[in-house]
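Inspection log for the structure reproduced underneath, given as structure tokens.
The values are calculated or read from the model by the stated rules, or taken from the named source; none is laboratory data. These figures come from a predicted structure and were not determined experimentally. Methodologically, a virtual Cβ is constructed for each residue, glycine included, from the backbone with ideal geometry; neighbour enumeration extends over all protein chains shown. Side chains are part of the model used for accessible areas, which takes the heavy atoms of the whole protein and leaves out ligands, DNA and RNA. Shrake-Rupley method; radii C 1.70, N 1.55, O 1.52, S 1.80 Å.
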Amino acid sequence: MSAPAAPAAGLTQAFAAFVANLRGPEVPAAVRAEARRAIADCLGGGLAGSVDEVTGAAAGTLGQARGDCTLWARAQRASAGDAALINGCAAHAHALDDTHESMRGHPSAPIVPAILALGEKLDSDGEALLTAYVAGVEVAGRLGRSVNDRHSQLGWHTTCTLGTVGAAAACASLLRLDVERARHALGIASSMAGGLRVNFGTMTKALHAGLAARNGVLAAQLAAGGMTASPAALEGREGFLQLFCDDGSQDPGRALQALGDSYEIASPGIVYKQYPTCSLMHALVDMVLRAREAGWMEPGGDLELRCGISRRLDAARTKGWPVSGLAAKFHVEYCVAVAACRGTQDVGDFTDEALAHPQARDWADKVRLSVGEDFPAGNGDYASLAVLRNGVEVFRQTQAKPLGHPSLPLPPAGHEAKFMRHATAAVPAERAARLWRLLCAPQPGSARELAAALSADGQKDSTI
């Protein structure tokens, strides 16, 4: 039986044509600059995650066989697929990686490890890496438009579901697949997509990014080798959209609108996270830190923190005291308490030891949460904060988006400071600074140059 013909204007076909025909010089300079920034941001957090327990578990399991590709800040090398998985775990280990509003998830954590691993094997230049990254974010973001928030509401982790297809698109770009084979890569990836939100608060959440990266590499490689898939794998009957969005609200047209004329990296844009926690509470944490800086969190007297949160955050948050530091990343009361009493919100605040400190529980008891009934519909970031001392309100603010959102961009120095703070968890400051300069150069380094800088000793010939 012959395979059905590809629909002329189908979503899978349109994405494949976009990926196969995208050329670096055609991408606007501002989009290219943002792609460089996002890759650098991912690698900074990824280096911090390279020494985390989840990455160690993945590397200990998969990183024993010799391969072609670098494991970030580790002495081992692995196959392209295994390196993508292990480095993907590192990229998402601390939840410091960027987010995207169309995707409602993390685009860079699956895409960057995939293209750096495959790119190292292929000896891809910096231009090819940037083009692949743009292609991957475009597909992941636009696919997110199609399935909308219903996809997440069903319990799927978009970083793994949409990220798998985005990583496959990026790797298809690196491999220079033609339209037909790029379409097969997307179809293969659509059958690999998964990731359950029930695993949030455990190491498997970070593994989701690694699985998406690995599956993106594999899907593109299989397509390059002649593997076929449905020409309508995304939009067809019993395809990705229908199965991952069960209420009929899916719409391929939302993904196709202005495809090739506008870029998801530019609009709605990349959101850079400042804190290693659920991004939906970051605007609230911004305000708590601001109130603390103003002196309203000083000890003494009766203190109450009234926090208004969105329905999306209320649905995503951990309810009941968290059982681990990982689970605390989704516990609003704990995150607010840490910001209020310590003035911090960083990796060290989300260990089991930090969670067990009695001060955290005492301050969390001062937090009162309520869902903002009049908050703007569709904005999961929107939050309000009122600080009361001895029953008297001394501070009140609302905030629509967190610092790091395109509407509240970080200054260049803020991006560099974030990178250095986290990269130096795994490599010396001098090496981290060299890597930052390499990533920020107008013409980015090649995959092998970046791999050399990311290896355990900073040398190209790093081996087990």
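Quick check, is T398 of a type outside the set (D, E), farther than 27 Å from E127 by Cβ, touching a Ser or Thr at 6+ places or on another chain (Cβ under 6 Å) and modelled with pLDDT of 95 or more?
Criteria met by T398.
Collect the residues in the range 32-42 that are over 14 Å from P412 (Cα atoms) and either open to solvent by 10 Å² or more (accessible area, probe 1.4 Å) or touching a Leu at 6+ places or on another chain (Cβ under 7 Å) (or both), keeping them in residue-number order.
Selection gives R32, A35, I39.
So V336 passes all but one of these: (1) without any contact (Cβ under 8 Å) to a residue 60 or more places away in the chain; (2) more than 23 Å from the chain's Cα centre (by Cα). Which condition number does it fail?
Just one mismatch for V336, condition (2).
Taking the residues in the range 294-312 that are charged (D, E, K, R) and touching a residue at least 24 places away in the same chain (Cβ under 8 Å) as candidates, determine which candidate is surrounded by the most Cβ atoms within 10 Å (Cβ to Cβ).
So the first thing to find is which residues in the range 294-312 are charged (D, E, K, R), and the list is 298, 302, 304, 306, 311-312.
Filter again for touching a residue at least 24 places away in the same chain (Cβ under 8 Å), leaving 302, 304, 306, 311-312.
Details: D302: 10, E304: 15, R306: 16, R311: 15, R312: 20.
The qualifying residue surrounded by the most Cβ atoms within 10 Å (Cβ to Cβ) is R312.
Can you say whether A429 is open to solvent by 20 Å² or more (accessible area, probe 1.4 Å), more than 25 Å from E101 (Cβ to Cβ) and either out of contact with any His (no Cβ under 8 Å at 6 or more places or on another chain) or β-branched (V, I, T) (or both), as far as the supplied structure shows?
For A429, the condition - open to solvent by 20 Å² or more (accessible area, probe 1.4 Å), more than 25 Å from E101 (Cβ to Cβ) and either out of contact with any His (no Cβ under 8 Å at 6 or more places or on another chain) or β-branched (V, I, T) (or both) - is met.
Of the residues in the range 409-431, how many are part of a helix (DSSP H, G or I), of a type outside the set (D, E) and either modelled with pLDDT of 95 or more or farther than 21 Å from N87 by Cβ (or both)?
Residues of the range 409-431 part of a helix (DSSP H, G or I): 412-423, 429-431.
Retained after the next criterion (residues that are of a type outside the set (D, E)): 412-415, 417-423, 429, 431.
Going one step further and asking which of them are either modelled with pLDDT of 95 or more or farther than 21 Å from N87 by Cβ (or both), we end up with 412-415, 417-423, 429.
Of the residues in that region, 12 qualify.
Which of (1) surrounded by 14 or more Cβ atoms within 10 Å (Cβ to Cβ); (2) within 23 Å of A95 (Cα to Cα) is the odd one out, the single condition A417 does not satisfy?
Tallying (1) surrounded by 14 or more Cβ atoms within 10 Å (Cβ to Cβ); (2) within 23 Å of A95 (Cα to Cα), A417 fails exactly one: (1).
Output the residues belonging to the range 432-445 that are open to solvent by less than 60 Å² (accessible area, probe 1.4 Å) and in contact with a Gly (Cβ under 9 Å, 6 or more places away or on another chain).
A432, L435, W436, L438, L439, A441, P444, G445
Could you please let me know if C278 is modelled with pLDDT of 95 or more, open to solvent by less than 40 Å² (accessible area, probe 1.4 Å), among the hydrophobic types (A, V, I, L, M, F, W, C) and more than 18 Å from D365 (Cα to Cα)?
yes
Restricting the search to the range 372-408, which residues are in contact (Cβ under 8 Å) with a residue 40 or more places away in the chain, in a strand (DSSP E or B) and either of a type outside the set (A, V, I, L, M) or open to solvent by 40 Å² or more (accessible area, probe 1.4 Å) (or both)?
Scanning the range 372-408 gives S384, R389, V394, F395, Q397, T398, Q399, L403, H405.
What number goes with the only condition from (1) in contact with a Phe, Trp or Tyr (Cβ under 9 Å, 6 or more places away or on another chain); (2) farther than 22 Å from R104 by Cα that G194 does not pass?
(2)
So, in the range 338-350, exactly how many residues are assigned to a loop (DSSP other than H, G, I, E, B) and either closer than 21 Å to G295 by Cβ or open to solvent by 50 Å² or more (accessible area, probe 1.4 Å) (or both)?
Counting residues in the range 338-350 that are assigned to a loop (DSSP other than H, G, I, E, B) and either closer than 21 Å to G295 by Cβ or open to solvent by 50 Å² or more (accessible area, probe 1.4 Å) (or both) gives 3.
With open to solvent by 10 Å² or more (accessible area, probe 1.4 Å), in contact (Cβ under 8 Å) with a residue 60 or more places away in the chain and not in a strand (DSSP E or B) as the only criterion, which of A315, A354 stands out?
Answer to the selection: A315.
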